[in-house]
1. When residues of the stretch 149-162 are filtered for being in contact with a Ser or Thr (Cβ under 9 Å, 6 or more places away or on another chain) and either among the basic types (Lys, Arg) or open to solvent by less than 30 Å² (accessible area, probe 1.4 Å) (or both), how many remain?
2. Kindly indicate the residue of the stretch 11-46 that is closer than 20 Å to residue 104 by Cα and hydroxyl-bearing (Ser, Thr, Tyr) and also surrounded by the fewest Cβ atoms within 10 Å (Cβ to Cβ) among those meeting that condition.
3. Out of 112, 76, 130, 136, which single residue is open to solvent by less than 30 Å² (accessible area, probe 1.4 Å) and either on the phi > 0 side of the Ramachandran plot or of a type in the set (Lys, Arg) (or both)?
4. Out of the residues in the stretch 79-95 meeting the condition of being part of a loop (DSSP other than H, G, I, E, B) and loosely packed, with under 14 Cβ neighbours inside 10 Å, tell me which one is farthest from the chain's Cα centre (by Cα).
5. Which one of these does residue 98 not meet: (1) modelled with pLDDT under 95; (2) under 14 Å from the mean Cα position of the chain (by Cα); (3) open to solvent by less than 60 Å² (accessible area, probe 1.4 Å)?
6. Kindly check whether there is at least one residue in the stretch 19-39 that is under 21 Å from residue 115 (Cβ atoms) and not hydrophobic (A, V, I, L, M, F, W, C).
7. Considering the stretch 47-56 alone, what residues qualify as being surrounded by fewer than 13 Cβ atoms within 10 Å (Cβ to Cβ) and touching a helix residue (DSSP H, G or I) at 6+ places or on another chain (Cβ under 9 Å)?
8. Which residue out of 123, 110 is farther than 17 Å from residue 176 by Cβ and at pLDDT below 95?
Amino acid sequence: GERSTLAKLSVFQGGFQRVAAEYVAEVSFQMLLALVNKSMVRLQPSGRYDMHELLREFAAEKLNAVPEMHVTAHDRHLTYYLRLIEEAEAAIFTANQGEALKISERENDNIRAALTWAHCRPNGAVAEFRLVAAMREFWWFFEHYEEGYQWLSSALERTEAVPSAVRMRVLYAHSLFASQSERREEGSRSADEALALCRETGDRQGLPWALISVGPMHPDHEQGMALLKEGLAAARETGDRPAALHALLWLGKRTYDLAIYRADAYPN
């Protein structure tokens with residue numbers, strides 16, 4: 001039992017919390033303490049657990065030798081961190097923002113491992129899209145623009161069907177990160193693709209994100225603002241609060257840009 005538990009714990013990268021181990025490795029607190037007492041797992045002063053890297057690699061080899069256990073452990077790891085980050089994303093515009101940001105920063109290595117697993121899984125497209133969509137705010141806040149762009153691009157390479165609304169969120173995020181990393185044309189293509197898909201399918205849930213993808217990119221300030229106002233109305237109609245917040249943020253920026261443009265174009 002201890003050997004199989006140690007093998008399953010090897011899926012964690014950069015340490016783990018007790019609650020994560022209980023879900024992912026299905027380990028009891030008593031078993032975890034037994035592994036700590038045998039110096040197989042280390043308990044840090046912060047309350048976080050980890051394993052020596054050489055031991056973790058050895059345990060991972062043992063896990064790989066049992067295909068069913070290997071797949072189950074990685075699937076549970078992906079499920080756990082997808083849920084954790086989606087909950088943290090929901091708190092990003094609340095009074096709990098500080099804790100949400102700490103979670104993202106602390107679990108960066110586990111999130112990367114979860115994304116890598118999702119990308120390799122034939123049935124992992126939906127989880128991958130949801131995870132990169134949820135990570136958008138955190139990559140942006142910590143200025144991980146290039147990393148965000150790479151993960152979003154990898155997700156969009158997949159051809160499997162995913163819910164339209166989450167695809168729109170990923171296209172929106174991709175348009176932002178592509179533009180931020182000096183790939184403005186690529187960003188515009190993602191934004192245009194999002195809006196075209198929504199117009200074609202009549203997707204009301206995805207429409208707010210599609211509109212706020214195109215609005216910031218549009219070369220005409222007033223037309224860009226019109227698209228953002230339409231996106232804000234669509235977000236309010238569907239009850240999508242995050243989309244409404246993003247629409248308001250971009251409307252503020254485009255209003256400022258328009259004021260500067262008019263001041264330069266029509267000086268007193």
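1. 2
2. Filtering first and then ranking leaves 46.
3. 136
4. Kept after step one, since they are part of a loop (DSSP other than H, G, I, E, B), are these residues of the stretch 79-95: 91-95.
After this cut, where a residue has to be loosely packed, with under 14 Cβ neighbours inside 10 Å as well, the list is 94-95.
Details: 94: 18, 95: 20 Å.
Applying the filter and picking the extreme gives 95.
5. (2)
6. yes
7. Once the filter is applied, which keeps residues that are surrounded by fewer than 13 Cβ atoms within 10 Å (Cβ to Cβ) and touching a helix residue (DSSP H, G or I) at 6+ places or on another chain (Cβ under 9 Å), the stretch 47-56 yields only 47.
8. Values: 110 fails: at pLDDT below 95.
Only one candidate qualifies: 123.
The values are calculated or read from the model by the stated rules, or taken from the named source; none is laboratory data. This is a predicted model, so every value here is computed, not measured. In this analysis, Cβ positions are derived from the backbone assuming ideal geometry, glycine residues included, and neighbour counts consider all displayed protein chains. Accessible surface areas use protein heavy atoms only, side chains included; no ligands, DNA or RNA. Shrake-Rupley method; radii C 1.70, N 1.55, O 1.52, S 1.80 Å.
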